[in-house]
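These notes are about the structure you will find just below.
The values are calculated or read from the model by the stated rules, or taken from the named source; none is laboratory data. Because the structure is a prediction, the values reported are computed rather than measured. So basically every Cβ, Gly included, is an ideal-geometry build from the backbone, and we count neighbours across all protein chains shown. The protein model used for the area step is the full one, side chains on, heavy atoms only, and it has no ligands, DNA or RNA in it. Shrake-Rupley method; radii C 1.70, N 1.55, O 1.52, S 1.80 Å.
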Amino acid sequence: MSDLGSGPARGRQIMKRRPDTMIRQNPLVIFATRLPRQALYLSIVAALAACGGGGGGSTGATPANTGSTGNTPSTDNTPSTGTGTDAGTPTNMPAVDVEETDVDAPVDFGSGPVSTSTVLAETLRQMAANGDLMTVYRPQATSSAAFTAGAFGPAVAWPVMPIHMVLLPDGRVLSYGTDDKGVQGAQFSYSVWDPNWNPNVPGEASSPHQLLANTTGTDLFCSTQLILPSNGQVLLAGGDRIVNGKRNYANGDLNFFNPADNTVRKEATPMAARRWYATAVTTSQGEVVVMGGRDDLYYPGTKTIPGTSVSYATTPEIYVPGTGWRTLATAKSDAVFGAVNGNNWWYPKSWLAPDGKILTITHEGNFHALDPAGTGTLTQLTGKLPGANWNLPSLMYAPGKILSVRNDNIVSLVDINGAQPVISRTTNPISTGRKWGFATVLADGSVWFNGGSVNANALADAVKTTELWNPATGQWTMAANAQKPRMYHNASLLLPSGAVLTGGGGSPGPVRNLNAEVYFPPYLFNPDGSWAARPVVNAAPTAVSRNSSFAVTMGNTTAVEKVVMVRTGSATHSFNNEQRIKTLPFTQNGTALTVSAPTSATEMPPGYYLMFVLQKNPLAPADANRLVPSQARIVKLS
């Protein structure tokens, strides 16, 4: 059983493996899967040691478009002319553009890099697809250092590179981004992982992972994604398109992943604009604003293949459930969502602000507020941050408060609770450059930084150190070291256990990380490194209404110190576009808590939240003020 140290989730729906998983067997795998999983893992490690780790380049072959059981993939032999697709103003060549072409690189399923051309790599790939290398996520031994630094579990195989991760309303994790060899493209498959998988539960799936077939014809690579508040399905907007055999043009498709049956379906009506690297943000009304992204890329052409001019999706649009798309035509901006001042089209750093508008911080440091009413209004606000590369993380760490990592390791703090932003900085900078790193709000309100490299996607200076920032004290603390480099195309996501899933990186290389690790923060440990006793929530509602109070029943009468709600995450490309947290007022009478639901839909918009109840760790020093979170209950806020 895999419960991340928190016990199995109660009341979750058991999902059986879909019959159309994209798994091919060979005799080696059929034999291997009969071994006990721990013995199997040790056998693989021994095999890697015997062959010197198998490091080396891949064959570099482009995967054939085979294996799809669905519609024709998103391809197009005719470049866009910009008409009818909000393409902005095409130019012959962009000032700065993105090269996504895959390169020869070894693949790492968690036990070390191996050449993709070897039999061992193929065996590992098929075993990963079957879920035979992914059951032990907790660290097997910890020391007293875990009390201040936390600890990582072992690196485990993942059936696809989790470039995109979404925490589902049932506590499972949807991930996608590559094929099962780590080659870019989510045209044929996606994965669903159950961190609470228990093979002893009747009707349980045969594996914690399900590798499923994408039958929509849409390549979801570099799309934008979030959970739609109205029905709990995952909205997937845009992604990749092939033109004349070349990737990384955009599509305008709208798809939905349904957790009830693990299927993805394509909607008949696409977006007005094609978008690759767009951002989606939920409004206070439960609608979804999509902004930014590129349409066509610059390609000089050859004697036989025509060239294309770069173009951008510079006009936002809004999805209204039950109605469809509305273009925000009067909010069009090449400066905010295009390339006039740099690559601001690239996954815009945007959040729902307390005034109900969508705040965007551009890479050059300007602030813009988008009012999505009607056809949209875009207003520049006062103040300016230092410049930042598009691959540095930013996040909302408290209601109306944003942390943004900028160039030169500067960490800017922005309070947007007033009419204009109020800017400050952390007392000390972040410890090192973290291009393509991630920032994650934890259950106690602290912020964890991991991954990245000093120079973008450079293995030689990959950053395996991690660090914690405490918003209450402003203090930085170095945390546990990861085993694997998490660079371009990695992602991190807070789990209901209070641990953090972090995985992927690669595509293009230097290593295709078809693996993940789970980080267990310090609040899960006692001073001697043993596991801390967790508060137990015996009963809590699955849905609450705004401006109401709701009952929570605890497992004992120990004083509760804090109740928080953290929005379920949706992460890709150094940005979790849905992440936010709020502390809730409550009263306690024995085991009974009466908790006040959020009142402001602009602070906590409709959707799904992790509700953590925190109590003091009685074994911690008094001055540590260490709070231990419960296993979260996932609550729908209407």
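I'd like to know if the stretch 350-370 contains one or more residues that are within 23 Å of the chain's Cα centre (by Cα) and either loosely packed, with under 15 Cβ neighbours inside 10 Å or on the phi > 0 side of the Ramachandran plot (or both).
Just the residues of the stretch 350-370 that are within 23 Å of the chain's Cα centre (by Cα), to begin with: 350-353, 358-363.
Applying the additional criterion that residues be either loosely packed, with under 15 Cβ neighbours inside 10 Å or on the phi > 0 side of the Ramachandran plot (or both) yields none.
For the stretch 350-370, residues within 23 Å of the chain's Cα centre (by Cα) and either loosely packed, with under 15 Cβ neighbours inside 10 Å or on the phi > 0 side of the Ramachandran plot (or both): absent.
Just to be sure, is Met291 modelled with pLDDT of 95 or more, touching a Phe, Trp or Tyr at 6+ places or on another chain (Cβ under 7 Å) and open to solvent by 10 Å² or more (accessible area, probe 1.4 Å)?
On the way: modelled with pLDDT of 95 or more: yes; touching a Phe, Trp or Tyr at 6+ places or on another chain (Cβ under 7 Å): yes; open to solvent by 10 Å² or more (accessible area, probe 1.4 Å): no.
Criteria not met by Met291.
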Only unsatisfied item for Thr148, checking (1) open to solvent by 10 Å² or more (accessible area, probe 1.4 Å); (2) within 18 Å of Val500 (Cβ to Cβ); (3) in a loop (DSSP other than H, G, I, E, B), is (3)
Please pick out the residue among Pro527, Pro541 that is open to solvent by 10 Å² or more (accessible area, probe 1.4 Å), part of a loop (DSSP other than H, G, I, E, B), touching a strand residue (DSSP E or B) at 6+ places or on another chain (Cβ under 6 Å) and not acidic (Asp, Glu). Pro541
Can you name the number of the only condition in (1) touching an Asp or Glu at 6+ places or on another chain (Cβ under 6 Å); (2) surrounded by fewer than 22 Cβ atoms within 10 Å (Cβ to Cβ) that Phe221 fails? (2)
Failed condition for Gln233, given (1) open to solvent by 10 Å² or more (accessible area, probe 1.4 Å); (2) in contact (Cβ under 8 Å) with a residue 60 or more places away in the chain; (3) over 20 Å from His573 (Cα atoms): (2)
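Please verify whether Arg275 is touching a strand residue (DSSP E or B) at 6+ places or on another chain (Cβ under 7 Å), at pLDDT 95 or above and either closer than 26 Å to Pro316 by Cβ or not hydrophobic (A, V, I, L, M, F, W, C) (or both), treating the condition exactly as stated. First the steps, then the outcome.
Details: touching a strand residue (DSSP E or B) at 6+ places or on another chain (Cβ under 7 Å): yes; at pLDDT 95 or above: yes; either closer than 26 Å to Pro316 by Cβ or not hydrophobic (A, V, I, L, M, F, W, C) (or both): yes.
Against the criterion (touching a strand residue (DSSP E or B) at 6+ places or on another chain (Cβ under 7 Å), at pLDDT 95 or above and either closer than 26 Å to Pro316 by Cβ or not hydrophobic (A, V, I, L, M, F, W, C) (or both)), Arg275 qualifies.
From Arg534, Arg512, Arg546, grab the single residue that is open to solvent by 10 Å² or more (accessible area, probe 1.4 Å) and either modelled with pLDDT under 95 or within 18 Å of Thr178 (Cβ to Cβ) (or both). Before the answer, list the steps.
Details: Arg534 fails: either modelled with pLDDT under 95 or within 18 Å of Thr178 (Cβ to Cβ) (or both); Arg546 fails: either modelled with pLDDT under 95 or within 18 Å of Thr178 (Cβ to Cβ) (or both).
Every option except Arg512 fails the conditions.
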Somewhere in the stretch 586-594, is a residue of a type in the set (Gly, Ala, Ser) and assigned to a strand (DSSP E or B)? yes
Check Lys636 against each of (1) open to solvent by 50 Å² or more (accessible area, probe 1.4 Å); (2) in a loop (DSSP other than H, G, I, E, B) and name the one condition it does not meet. (2)
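Kindly evaluate Ala335 against the criterion of being buried (at least 17 other Cβ atoms within 10 Å of the Cβ), among the small types (Gly, Ala, Ser), more than 18 Å from Thr602 (Cβ to Cβ) and touching a residue at least 60 places away in the same chain (Cβ under 8 Å).
Working: buried (at least 17 other Cβ atoms within 10 Å of the Cβ): yes; among the small types (Gly, Ala, Ser): yes; more than 18 Å from Thr602 (Cβ to Cβ): yes; touching a residue at least 60 places away in the same chain (Cβ under 8 Å): no.
Taking the combined requirement at face value, the residue does not satisfy it.
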In the stretch 122-144, residue modelled with the highest pLDDT [restricted to those that are among the small types (Gly, Ala, Ser) and buried (at least 21 other Cβ atoms within 10 Å of the Cβ)]: Ala128
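Before we move on, is Thr473 surrounded by fewer than 19 Cβ atoms within 10 Å (Cβ to Cβ) and either touching a helix residue (DSSP H, G or I) at 6+ places or on another chain (Cβ under 7 Å) or of a type in the set (Ser, Thr, Tyr) (or both)? Spell out how you get there, then give the answer.
Numbers: surrounded by fewer than 19 Cβ atoms within 10 Å (Cβ to Cβ): yes; either touching a helix residue (DSSP H, G or I) at 6+ places or on another chain (Cβ under 7 Å) or of a type in the set (Ser, Thr, Tyr) (or both): yes.
So Thr473 fits the description; yes.
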Among the residues of the stretch 225-242, which ones are in contact with a Leu (Cβ under 6 Å, 6 or more places away or on another chain) and not hydrophobic (A, V, I, L, M, F, W, C)? Gln225, Gly239
Which count do you get for residues in the stretch 549-571 that are open to solvent by 60 Å² or more (accessible area, probe 1.4 Å) and hydroxyl-bearing (Ser, Thr, Tyr)? 3
Which residue pairs have Cβ atoms under 7 Å apart, sit 6 or more places apart or on different chains, and have a first residue in the stretch 247-271 that is under 22 Å from Thr178 (Cβ atoms) and open to solvent by 60 Å² or more (accessible area, probe 1.4 Å) and a second that is part of a loop (DSSP other than H, G, I, E, B) and of a type in the set (Ser, Thr, Tyr)? Arg265/Thr216; Lys266/Thr216; Lys266/Thr218
Based on what the data block shows, is Leu370 touching a helix residue (DSSP H, G or I) at 6+ places or on another chain (Cβ under 7 Å), in a strand (DSSP E or B) and either under 30 Å from Val411 (Cβ atoms) or among the basic types (Lys, Arg) (or both)? yes
Applying the selection to the stretch 301-343, what residues are assigned to a strand (DSSP E or B) and either among the acidic types (Asp, Glu) or in contact with a helix residue (DSSP H, G or I) (Cβ under 8 Å, 6 or more places away or on another chain) (or both)? Tyr312, Glu317
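For (1) open to solvent by 10 Å² or more (accessible area, probe 1.4 Å); (2) over 30 Å from Asn526 (Cα atoms); (3) free of Cβ contacts under 8 Å to residues at least 12 places away in the same chain; (4) in contact with a His (Cβ under 7 Å, 6 or more places away or on another chain), each residue gets a yes or a no:
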position	(1), (2), (3), (4)
His573	no, yes, no, no
Arg580	yes, no, no, no
Leu593	no, no, no, no
Met604	no, yes, no, no
Gly607	no, yes, no, no
Gln615	yes, no, no, no
Quick one: how many residues across the stretch 153-189 are of a type outside the set (S, T, N, Q), under 14 Å from the mean Cα position of the chain (by Cα) and not in a loop (DSSP other than H, G, I, E, B)? 7
